[in-house]
Amino acid sequence: MTVPSPLPMDVAGVTVAVVGPEVAGAVVAIIHAAFGERPVLDPPSTALTESEASVADALARHGGLLARRDGRPVGALLLGVAEESLLLRRVSVVPEAQGTGVATALADAAAEVARARGLRRVHLTARTELPGTIGFWAGLGYREVGRAGALLTLAKELAVECEVATADQMRTLGQRVAGLLRAGDLIICTGHLGAGKTTFTQGIGAGLGVRGDVTSPTFVISRVHPSRHGSPPLVHADAYRLGGLAELDDLDLDVSLEDSVTVVEWGEGLAEPLAEDRLEVTITRSRGASADGERRTVRLDPVGARWVGSDLAAAVT
Ligand SMILES: Nc1ncnc2c1ncn2[C@@H]1O[C@H](COP(=O)(O)OP(=O)(O)OP(=O)(O)O)[C@@H](O)[C@H]1O
Ligand SMILES: [Mg+2]
């Protein structure tokens, strides 16, 4: 696992810091300004009943995040913790700074805090009457995982990273990830030429117990590897050689993607429409000490409700 970058973070000219009760006055002012602007809901949000004392109390327990631009407080949220997950409450941006990247900066910082605290996911609640809010979080990979009346719970599983020194280790990683996979899963592999995408896919094939060697599908659009035991078949496609992945669904496959595990190399920006939920695997190479003088870092970024609760961290440790 990589060491999380420490806060404060600077994103789009916004500095976000973890704060405690000493700034409760500023935080409650931001909450009141942000929620005062929103349409009145039924039942109304309780955010406007927050006082400096109630906010100080929440900040003393789990802390919060305060976003500043040019030194001026422009956004804030309160933190909580429930079941290995970091809870974001009262996510607030002052009206004059809305739409300028403050909420994104807060969300990025929250993910860093969750990682630093050893948590696996981030969640929050949102009202169904506020589709813009839900859309904002969906754009960051948050998905609905629960619903109680008009209150949705949105969650995102955190990405995990590890260093992989050898091709064998890359296969082992793929094999471990395969243990988490089920029919219908989509894996999008990204990384430069020779990064190890096919090697990783070989591990997935081994984990699923598929027939046939998993090789680079250079001169074919994709290959289907049936499983020798009860696991789903592996569909392995390479969008780079295709010069674009028009519609994998249109390919003349004798299996359906819902019944298969699909791995698309070079699929970034192309294969996403195939499934709302996916596992994004990004392999980066840099100079470093390993067998071939290169260091490879693999990032597993789960997108969508399908992955909430899955133990990706176990695959990389
Ligand atoms: N740590 C490592 N992980 C993966 N592959 C490694 C590693 N170290 C060395 N290798 C070698 O690097 C090569 C990686 O090739 P591979 O075909 O998996 O990459 P790729 O990303 O699929 O490439 P392409 O972009 O051509 O599809 C293999 O020959 C593999 O043995
Ligand atoms: Mg390849």
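Laboratory data are not the source of any read-out in this text; all were calculated from the coordinates shown. All figures in this text were calculated on a predicted structure; none of them were measured in a lab. With ideal geometry, Cβ positions are generated from the backbone for all residues, glycine too; neighbour counts draw on all protein chains shown.
General remarks:
- Taking θ as phi - 60° and the Karplus parameters 6.51, -1.76 and 1.60, the scalar couplings of the range 181-195 work out to 8, 9, 3, x, 6, 10, 10, 10, 9, 10, x, 5, 3, x, 5 Hz in sequence order, x denoting glycine and proline.
- Per the Cα gyration tensor, the range 9-116 maps to an equivalent ellipsoid with semi-axes of 19, 17, 13 Å, ordered largest to smallest.
- Computed over the chain, the convex hull of the alpha-carbon atoms projects to a mean area of 18.2 nm².
- Length-normalised contact order for the range 9-116 - Cα pairs under 8 Å, 6+ apart - percent: 32
- When you work out D = kT/(6 pi eta Rh) for the range 77-198 at 37 °C and 0.692 mPa s, using the Kirkwood radius from C-alpha pairs as Rh and the Stokes-Einstein form, the result is 195 µm²/s.
- In sequence order, calculated HN-Hα J values of the range 121-133 (Karplus, 6.51, -1.76, 1.60; Hz; x Gly/Pro): 8, 10, 9, 7, 10, 9, 8, 4, 6, 10, x, x, 5
- Contact order, relative form, for the chain: 16 percent (alpha carbon pairs under 8 Å, 6 or more residues apart, mean separation divided by residue count).
- Counting DSSP beta bridges with both ends in the chain, the antiparallel % (nearest 5): 75
- Net charge over other residues, Cβ less than 9 angstrom from the Cβ of A150 (K, R count +1; D, E count -1): 0
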